[in-house]
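Q: Take this structure, written in structure tokens, and hold onto it; I'll ask about it next.
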Amino acid sequence: MRSSSKNRHDDESETELERQLAVIRRGVAEILPSEAELRGRLSSSISNRKPLVIKAGFDPTAPHLHLGHAVLLQKLHQFQELGHAVTFLIGDFTGMIGDPSGMSETRKPLTAEQVKDNAKTYQQQIRHFLDPARTTIAFNSAWMRPMTAEQFIHLAAQYNVARMLERDDFRTRFEAHRPIGLHEFLYPLIQGYDSVMLRADIELGGTDQKFNLLVGRELQKPTGQPPQLVITMPLLEGTDGVRKMSKSFGNAIGIEEPPNEIFGKIMSVTDDLMLRYYELLTDDDLEGVKQLHPKTAKMNLAEKLVARFHGEETATKARIWFDATFSSAPLRIDVSDTVRVTDVQSATVIDALVEAKLVTSKSEARRLIQQGAVDVDGRRIDDPAWMLPTGQRLHVKVGKRRFATLIRQ
């Protein structure tokens, strides 16, 4: 009987192991040092019923998170749903140094006050992905600020300059005789030390973080801790479909942007990028998504993401709004509760656009009309002197993402 029971338990453990591996593999760029080691660590966790400690760090260098950040948050969410212990690390100390990853020149450090303000918004925004009751939020200033100079020198002695210069961005700058601040060498050292303090089993990061993540393994070894495994995730392209998502590139989709804005931006991405968004930001079956018409799949994705950040009801309204706004047929849906409604006195479309603050000037309105970028009820307007009918709701689209319902009194 015992043998039969043990075999059944082993079978259940193996089934659970394969289930977890399938979830963890999704969208992953690289597992280091190997998937075999990940398999062993997971197997032990399942057998001993001891959750692994999963860590991901975010420097609060900007006040709002976007879908590029959401790639790591989604993977943290998946680990949390698998029953592991998730730590969301806010790099309030490292944020003042500035991550040198991918930088061709030295970053400008942030002030402590900037970092503190940004950290507050991060704590609020991660609720869209992580269960607050099951999430540990840590700040690396908790162990870095009390550290004495002697302790810091001891930490610095555990890594050497030659290894630092193996890093691509440091080596490129060194060979090009571009400045490298000594403080930049400290960044990966401190990030690695975070893993020591948190006793991390697995650390997540973008592919550009690979060097930093591996430093954590090296610093854990002398402490007797099992070196953490490293899982890197792809850098999500922004709405331009080329460069990684970044506010500085103007291609970001912020997770707390207005619902219609999020919906419209997602609908503007290419079909290939849409599938990548599905893979990295949802748990949906990709084969099922591929069976859908691309527009339907994209609308489903947009609605799903808006629902995550703003709720199901708001997401439904955003979908109705988008469908109505971009329909080629005259609108038959009252979407007044999903778009801004403005009463205008102006008779001509060019004056109405200015009055409704859809444009900043008549010259901008005229230029957009000449470019064919102004639609009213699905009809392209090419005459700046076109007169608005009175007393009707007119659904106006200016450019790709400016919308309103205008009523001429």
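Q: Out of the residues in region 215-232 meeting the condition of being touching a Gly at 6+ places or on another chain (Cβ under 9 Å) and surrounded by fewer than 22 Cβ atoms within 10 Å (Cβ to Cβ), tell me which one is farthest from residue 51 (Cα to Cα).
A: Top of the filtered list is 218.
Q: I've got another one for you. Does residue 318 qualify as being without any contact (Cβ under 8 Å) to a residue 12 or more places away in the chain and within 18 Å of residue 66 (Cβ to Cβ)?
A: no
Q: Is it true that some residue in region 360-380 is within 22 Å of residue 324 (Cβ to Cβ), assigned to a loop (DSSP other than H, G, I, E, B) and β-branched (Val, Ile, Thr)?
A: Among the residues of region 360-380, not one is within 22 Å of residue 324 (Cβ to Cβ), assigned to a loop (DSSP other than H, G, I, E, B) and β-branched (Val, Ile, Thr), which makes the answer no.
Q: Restricting attention to region 115-131, report how many residues are in contact with a helix residue (DSSP H, G or I) (Cβ under 8 Å, 6 or more places away or on another chain), modelled with pLDDT of 90 or more, assigned to a helix (DSSP H, G or I) and not β-branched (Val, Ile, Thr).
A: 1
Q: For the list (1) modelled with pLDDT of 85 or more; (2) under 26 Å from residue 303 (Cβ atoms); (3) in contact with a Gly (Cβ under 8 Å, 6 or more places away or on another chain), I need the number of the one condition that residue 331 fails.
A: (1)
Q: With crowded, with 17+ Cβ neighbours inside 10 Å, closer than 30 Å to residue 173 by Cα and modelled with pLDDT of 95 or more as the only criterion, which of 76, 82, 110, 72 stands out?
A: Answer to the selection: 72.
Q: So, in region 153-184, exactly how many residues are part of a helix (DSSP H, G or I), over 20 Å from residue 112 (Cα atoms) and hydrophobic (A, V, I, L, M, F, W, C)?
A: 8
Q: Can I ask one more? Can you pull out every residue in region 233-262 that is hydroxyl-bearing (Ser, Thr, Tyr) and buried (at least 16 other Cβ atoms within 10 Å of the Cβ)?
A: Passing the criteria: only 239.
Q: Right, next: Just to be sure, is residue 62 at pLDDT 95 or above, surrounded by 15 or more Cβ atoms within 10 Å (Cβ to Cβ) and touching a helix residue (DSSP H, G or I) at 6+ places or on another chain (Cβ under 8 Å)?
A: No: the conditions fail for residue 62.
Q: Residues 129, 170: which one is under 18 Å from residue 60 (Cα atoms) and of a type outside the set (A, V, I, L, M)?
A: Within the list 129, 170, the selection yields 129.
Results for (1) basic (Lys, Arg); (2) out of contact with any Gly (no Cβ under 9 Å at 6 or more places or on another chain); (3) in contact (Cβ under 8 Å) with a residue 24 or more places away in the chain; (4) not assigned by TED's automatic domain parsing to the domain that holds residue 202, shown as yes or no for each residue.
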site: 24; (1), (2), (3), (4): no, yes, yes, no
site: 36; (1), (2), (3), (4): no, yes, no, no
site: 60; (1), (2), (3), (4): no, no, yes, no
site: 70; (1), (2), (3), (4): no, yes, yes, no
site: 74; (1), (2), (3), (4): no, no, yes, no
site: 77; (1), (2), (3), (4): no, yes, yes, no
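Q: Separate question: Considering only residues that are of a type outside the set (Gly, Ala, Ser), part of a loop (DSSP other than H, G, I, E, B) and under 14 Å from the mean Cα position of the chain (by Cα), which ones fall in region 62-91?
A: Passing the criteria: 63, 64, 65.
Q: Answer yes or no as to whether residue 171 is of a type in the set (Lys, Arg) and either within 29 Å of residue 51 (Cβ to Cβ) or in contact with a Ser or Thr (Cβ under 8 Å, 6 or more places away or on another chain) (or both).
A: So residue 171 does not fit the description; no.
The values are calculated or read from the model by the stated rules, or taken from the named source; none is laboratory data. The structure displayed is predicted, hence computed values, not measured ones. Neighbour counts run over all protein chains shown; Cβ positions are idealised from the backbone, glycine included.
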